[in-house]
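The values are calculated or read from the model by the stated rules, or taken from the named source; none is laboratory data. The structure displayed is predicted, hence computed values, not measured ones. Backbone-built Cβ (ideal geometry, glycine too); neighbour counts: all protein chains shown.
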Ligand SMILES: Cc1ncc(COP(=O)(O)O)c(C=O)c1O
């Protein structure tokens with residue numbers, strides 16, 4: 001198998017598997033107990049929190065572990081908007097975890113503004129500034145788009161929002177960004193930031209929300225008061241230990257990742273240069289993302305590639321199999337025809353240039369119907 005669907009999920013890094021192992025065996029304690037096995041679990045949880053916070057340049061108390069990226073996005077938007085029923089501003093190309101949460105908040109009485117993007121998927125900062133009012137509670141703009149790889153100018157988003165309303169919180173869904181971008185919450189200036197472990201070599205079903213100290217965040221989960229009362233529920237100790245180990249490994253691997261994974265993606269595109277058209281210019285996109293248009297419909301190509309042992313995607317994981325045009329591509333002005341001929345190849349920490357060239361040869365075979 002040549003796996004080119006790292007935006008959907010990634011193979012577990014060995015450091016994460018190793019960190020999780022004890023908690024799948026005899027170190028099964030509940031972090032809330034008062035005996036030795038619980039205390040050890042609690043220590044591991046707090047060490048993981050310190051490690052994660054240190055990597056993001058945050059304080060440990062600003063890290064809330066969640067059950068994945070969707071929950072982190074929900075907690076960011078609902079948590080920020082529900083206390084005041086304040087407005088939400090976001091962008092048409094966001095993940096459903098943000099857009100659907102925005103629609104929910106609108107049903108609960110918040111004003112919702114969804115901003116358009118240009119042909120490359122980038123938000124217009126002057127439109128953003130105009131959309132912010134006195135009652136805007138939160139603005140959510142993703143760092144890297146999961147479908148096209150488009151990078152949004154997060155620092156400028158923060159500047160624009162704070163100029164318009166100092167009290168409006170800025171959230172970024174950085175779920176696709178951790179492997180390739182040096183994410184420092186203070187350099188970015190964001191108030192809220194979501195991560196999901198499985199996008200950078202950690203386990204599925206665990207994530208975190210960074211929430212700047214002092215923010216009044218309404219919890220989604222009410223109960224036993226874990227995570228400083230902001231996310232009740234027995235901790236997923238194995239998952240959190242795996243996430244922190246994957247964060248450390250991925251952060252230490254970033255320079256190599258940008259160089260070698262970028263090189264693998266370029267080698268792939270170079271071999272296919274006369275058959276593909278990139279959707280987003282390289283300079284505006286994450287190094288690991290190749291969103292391209294090809295001469296054959298994506299549904300057909302996916303089946304042929306699957307037979308040839310190449311895993312790719314026609315869009316985001318939640319949309320493959322759907323017959324409607326992805327909301328991301330329609331926001332960028334793609335016609336139905338263009339969307340149907342679009343494919344997403346996403347490279348990751350296990351990718352190499354040699355494998356990428358083999359994949360490109362298999363793509364040629366698939367395009368020519370030789371599968
Ligand atoms: C940009 C983005 N946001 C949110 C999510 C949802 O994360 P999770 O699958 O961990 O719930 C994903 C992944 O599918 C994503 O790529």
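Values computed for the structure shown
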quantity	calculated
Enumeration of residues in region 96-111 that are in contact with a strand residue (DSSP E or B) (Cβ under 6 Å, 6 or more places away or on another chain), crowded, with 18+ Cβ neighbours inside 10 Å and not in a loop (DSSP other than H, G, I, E, B)	98, 102, 105
Members of region 85-95 found to be away from the ligand (no atom under 12 Å from the Cβ) and in a loop (DSSP other than H, G, I, E, B), listed by number	85, 86, 92
Verdict on residue 194 being under 22 Å from residue 5 (Cα atoms), in contact with a helix residue (DSSP H, G or I) (Cβ under 8 Å, 6 or more places away or on another chain) and part of a loop (DSSP other than H, G, I, E, B)	no
Candidates 109, 79 - the one that is modelled with pLDDT of 95 or more and closer than 15 Å to residue 207 by Cβ	79
Residue in region 316-323 that is modelled with pLDDT under 95, more than 24 Å from residue 199 (Cα to Cα) and part of a loop (DSSP other than H, G, I, E, B) present	yes
Selection within region 329-354 - assigned to a helix (DSSP H, G or I), surrounded by fewer than 18 Cβ atoms within 10 Å (Cβ to Cβ) and in contact with a strand residue (DSSP E or B) (Cβ under 8 Å, 6 or more places away or on another chain)	338
Residue check for residue 172: within 11 Å of the ligand (Cβ to nearest atom) and assigned to a strand (DSSP E or B)	yes
Whichever residue in region 115-127 is free of Cβ contacts under 8 Å to residues at least 60 places away in the same chain and in contact with a strand residue (DSSP E or B) (Cβ under 6 Å, 6 or more places away or on another chain) and, among such residues, is farthest from the ligand (Cβ to nearest atom)	127
Subset of region 169-190 [over 18 Å from residue 258 (Cβ atoms) and without any contact (Cβ under 8 Å) to a residue 60 or more places away in the chain]	170, 172, 189, 190
Qualifying residue in region 132-146 (condition: in a strand (DSSP E or B), within 20 Å of residue 68 (Cα to Cα), within 16 Å of the ligand (Cβ to nearest atom) and touching a helix residue (DSSP H, G or I) at 6+ places or on another chain (Cβ under 6 Å))	yes
Matching residues in region 72-84 - criterion: being more than 7 Å from the ligand (Cβ to nearest atom) and part of a helix (DSSP H, G or I)	72, 74, 75, 76, 77, 78, 79, 80, 81
Options 362, 301, 294; residue that is farther than 25 Å from residue 142 by Cβ, surrounded by fewer than 18 Cβ atoms within 10 Å (Cβ to Cβ) and in contact with a strand residue (DSSP E or B) (Cβ under 7 Å, 6 or more places away or on another chain)	294
Long-range neighbours under 6 Å by Cβ, at least six apart or interchain, first residue closer than 16 Å to residue 226 by Cβ and modelled with pLDDT of 95 or more within region 56-74, second assigned to a helix (DSSP H, G or I) and more than 9 Å from the ligand (Cβ to nearest atom)	60/49; 60/50; 60/53; 63/49; 63/52; 63/53; 64/227; 65/240
In region 1-56, the residues that are within 16 Å of the ligand (Cβ to nearest atom) and more than 27 Å from residue 143 (Cβ to Cβ)	none
Inter-residue pairs, beta-carbon under 7 Å, first within 11 Å of residue 293 (Cα to Cα) and in region 260-281, second assigned to a loop (DSSP other than H, G, I, E, B) and at pLDDT below 95, 6+ apart	275/295
Which numbered condition residue 221 fails, given (1) more than 14 Å from the ligand (Cβ to nearest atom); (2) in contact (Cβ under 8 Å) with a residue 60 or more places away in the chain; (3) not in a helix (DSSP H, G or I)	(2)
Tally, over region 197-214, of residues that are in a loop (DSSP other than H, G, I, E, B) and more than 15 Å from the ligand (Cβ to nearest atom)	3
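One line per residue, one yes/no per condition, for (1) over 20 Å from residue 176 (Cα atoms); (2) buried (at least 22 other Cβ atoms within 10 Å of the Cβ):
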site: 4; (1), (2): no, yes
site: 18; (1), (2): yes, no
site: 41; (1), (2): yes, yes
site: 46; (1), (2): yes, no
site: 50; (1), (2): yes, no
site: 59; (1), (2): yes, no
site: 67; (1), (2): no, no
site: 73; (1), (2): no, yes
